[in-house]
Amino acid sequence: MKVPRVYLVTEGGPEMDLPAALRAALAGLPPGAVAVQLRARGVPGGSLLALARAVGEVCRAASMPLLVNDRLDVALAAGADGAHLPAAGVPPAEARRLLGPGAILGVSCHSAAEVIRARDGGADFATFGPVHDTPSKRGYGPPVGLARLREAAGLGLPLLALGGVDAGNAREAVAAGAHGVAVIRAWLAAADRASAVRALLAAVGEGAP
């Protein structure tokens, strides 16, 4: 599988029209240019499944892979392309067994040891961070910084830098060894979501029309 270089992570609940936000963000992009992680913490299972199916329709129409955060059951029921595991979630090897060899499997990592565990468990890639300070990641401790990103990037698993990453600093993450970037606010809070995603693709060296 092609590991994404730009990974659009969602947040927010049913009050946000997430399918519309994604439709705007993905408009005009070449197939497979980005991947999407559906992350909607606190949403009950039934509502999450309905949201995953709605978001999945948007992703399929744009030929972009969809991964569901944490909930392997929802990922399977919604026909998603894969799942993304929290660092303390289901062990990657167990998730791989349940999802099958063809599914895309990502893991959230905050240390070199977690990257090794994800790699050895059959993950395709990991997000690594928080690289910079960001409100949504302060509960995970201080930023890991570029030096630890560089160290972890040498462990043989493609890493997507996460945490305070945007089009203005994505290049330095790639220069430190990251395969690409994972973002929340950089696309979701943008006034022009399509332009924001194109700027991220350009910053990591993936041109977009």
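Annotations for the structure displayed:
- Most fluctuating residue given options G56, G177, G46, as computed from a GNM of the chain linking Cα atoms under 10 Å: G46
- Estimated 222 nm signal from helices in the chain, with DSSP H stretches of n ≥ 4 weighted -39500 (n - 2.57), rounded to 500: -11000 deg cm²/dmol
- Inter-label distance for A189 and L98, nm, one decimal - labels placed 7 Å from Cα along Cα-to-Cβ: 3.2 nm
- Counting beta carbons within 10 Å around each of L48, L146, L38, L155 and listing the fewest first gives the order L155, L146, L48, L38.
- Between S111 and E11, residue separation times 0.36 nm minus the direct Cα-Cα distance comes to 33.7 nm.
- Contact order normalised by residue count of the range 44-123, Cα under 8 Å, 6+ apart, percent: 24 percent
- Note on the range 51-102 and the range 150-209: Cα centroid distance 21 Å, given to the nearest whole angstrom.
- Membrane-span-like helices of the chain, defined as complete DSSP H segments with a Cα extent of 24 Å or more along the helix axis and a mean Kyte hydropathy of at least -1.0, are identified as 45-62.
- Dipole magnitude for the chain: about 140 debye, using +1 per Lys or Arg Cβ and -1 per Asp or Glu Cβ, origin at the Cα centre.
- Between A20 and R53, the simple spin-label model (points 7 angstrom out along Cα→Cβ) gives 2.1 nm.
- Contact order, relative form, for the chain: 20 percent (alpha carbon pairs under 8 Å, 6 or more residues apart, mean separation divided by residue count).
- Prolate/oblate/rounded call for the chain, Cα gyration tensor, a/c under 1.5 rounded: rounded
Bear in mind these aren't lab numbers, they're just calculated from the coordinates by the rules spelled out. This structure is a prediction, so every number in the text was calculated from the model and none was measured. In this analysis, Cβ positions are derived from the backbone assuming ideal geometry, glycine residues included, and neighbour counts consider all displayed protein chains.
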